[in-house]
1. Looking at region 67-80, which of its residues are within 26 Å of residue 9 (Cβ to Cβ) and either surrounded by 15 or more Cβ atoms within 10 Å (Cβ to Cβ) or among the aliphatic types (A, V, I, L, M) (or both)?
2. Being out of contact with any Gly (no Cβ under 7 Å at 6 or more places or on another chain) and either buried (at least 16 other Cβ atoms within 10 Å of the Cβ) or modelled with pLDDT of 95 or more (or both) is the filter here; which residues of region 208-220 pass it?
3. Does residue 109 satisfy being surrounded by 18 or more Cβ atoms within 10 Å (Cβ to Cβ) and more than 28 Å from residue 240 (Cα to Cα)?
4. Can you pull out every residue in region 189-228 that is of a type in the set (A, V, I, L, M, F, W, C) and closer than 21 Å to residue 125 by Cα?
5. For a quick check of your reading: which strands (runs of 3 or more DSSP E) sit entirely within region 175-248 and have at least 3 residues that are closer than 30 Å to residue 157 by Cα?
6. Of the conditions (1) touching a His at 6+ places or on another chain (Cβ under 7 Å); (2) surrounded by fewer than 16 Cβ atoms within 10 Å (Cβ to Cβ); (3) charged (D, E, K, R), residue 49 satisfies every one except a single condition; which number is it?
7. Which condition number does residue 235 fail, the rest of (1) surrounded by 15 or more Cβ atoms within 10 Å (Cβ to Cβ); (2) farther than 28 Å from residue 129 by Cβ; (3) hydroxyl-bearing (Ser, Thr, Tyr) being met?
Amino acid sequence: MHKDLLKPGERLDDLQCRGYHIIQNPDTFCFGMDAVLLSDFATGCKKGRAIDLGTGTGVIPLLMEGRGKCTHYTGLEIQEYSADMASRSVSYNELEGKIDIVKGDIKEVPNLFKAASFDVVTSNPPYITQSHGLENEFEPKNIARHEILVSLEDVIKAAGYLLREGGSFAMVHKPFRLAEIIRLLSKYRLEPKRMCMVQPHKGKEPNMVLIESFKGGRPMLKVEPTLVVYNEDGTYTEDLLSRYGDGY
């Protein structure tokens, strides 16, 4: 079964969550810590529907399903190969009734889904605005990291369209774009309610920000304690480990 499911260059990785596995190809793109932290940070909606924008190989829907955050999940991905890997991972984990993978463009969500049809939206979008100088900007790794096919505003606009009133949008991004993020969230009626900075080491500048907004929410932002990833000896902190794997 494993061999039939995998294509050349691919591997099957253990997500350390309810026995789920994911198909990845290290020559294209593999998920990182940011996706794992986002799937933990997102509040979810126990009886609701979630959609992950730019799902890649589907890691966020798989991890959120493993945590029981929602009832049903959709992963939207524009790259055909990534969407195919995500679909095969869903099949391998026998989650066809709980996770749908849709190949499509975030900028075209009004043609793909009805307005206000989801309770939860998540996204781990490209962080880098500039793509000039790349040897091949359309390589999967570059598309995942640079705003080549989608911009930050495209993602937030799509989230605003897809969410019902009171629904939540959770995203991970870079702190240097925080002012832009908050401005765009406000533009599309997404009120920031929770935020958590992530530092690689204590005393170091944060290199990630987790932020969750609610559609039509009242202004009040809770800034949670900063998450520090590494101890002084290079091992993971207890806080980080509590958000990873089966030890959640």
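1. Passing the criteria: 75, 76, 77, 78, 79.
2. First, the residues of region 208-220 that are out of contact with any Gly (no Cβ under 7 Å at 6 or more places or on another chain): 208-213, 217-220.
Result: 208, 209, 210, 211, 212, 213, 217.
3. Answer is yes for this residue.
4. Correct list: 190, 195, 196, 197, 198, 208, 209, 210, 211, 214, 227.
5. Working: elements: 190-201, 208-215, 227-230.
In region 175-248, the matching strands (runs of 3 or more DSSP E) lie at 190-201, 208-215.
6. Just one mismatch for residue 49, condition (2).
7. All conditions are met except number (1).
Yes or no, residue by residue, for (1) at pLDDT below 95; (2) over 20 Å from residue 34 (Cβ atoms):
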{"residue": "53", "(1), (2)": "no, no"}
{"residue": "72", "(1), (2)": "no, yes"}
{"residue": "81", "(1), (2)": "yes, yes"}
{"residue": "85", "(1), (2)": "no, no"}
{"residue": "93", "(1), (2)": "no, yes"}
{"residue": "100", "(1), (2)": "no, yes"}
{"residue": "108", "(1), (2)": "no, yes"}
{"residue": "121", "(1), (2)": "no, no"}
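The values are calculated or read from the model by the stated rules, or taken from the named source; none is laboratory data. Note that the structure is a prediction, hence the values are computed from the model and not measured. Neighbour counts run over all protein chains shown; Cβ positions are idealised from the backbone, glycine included.
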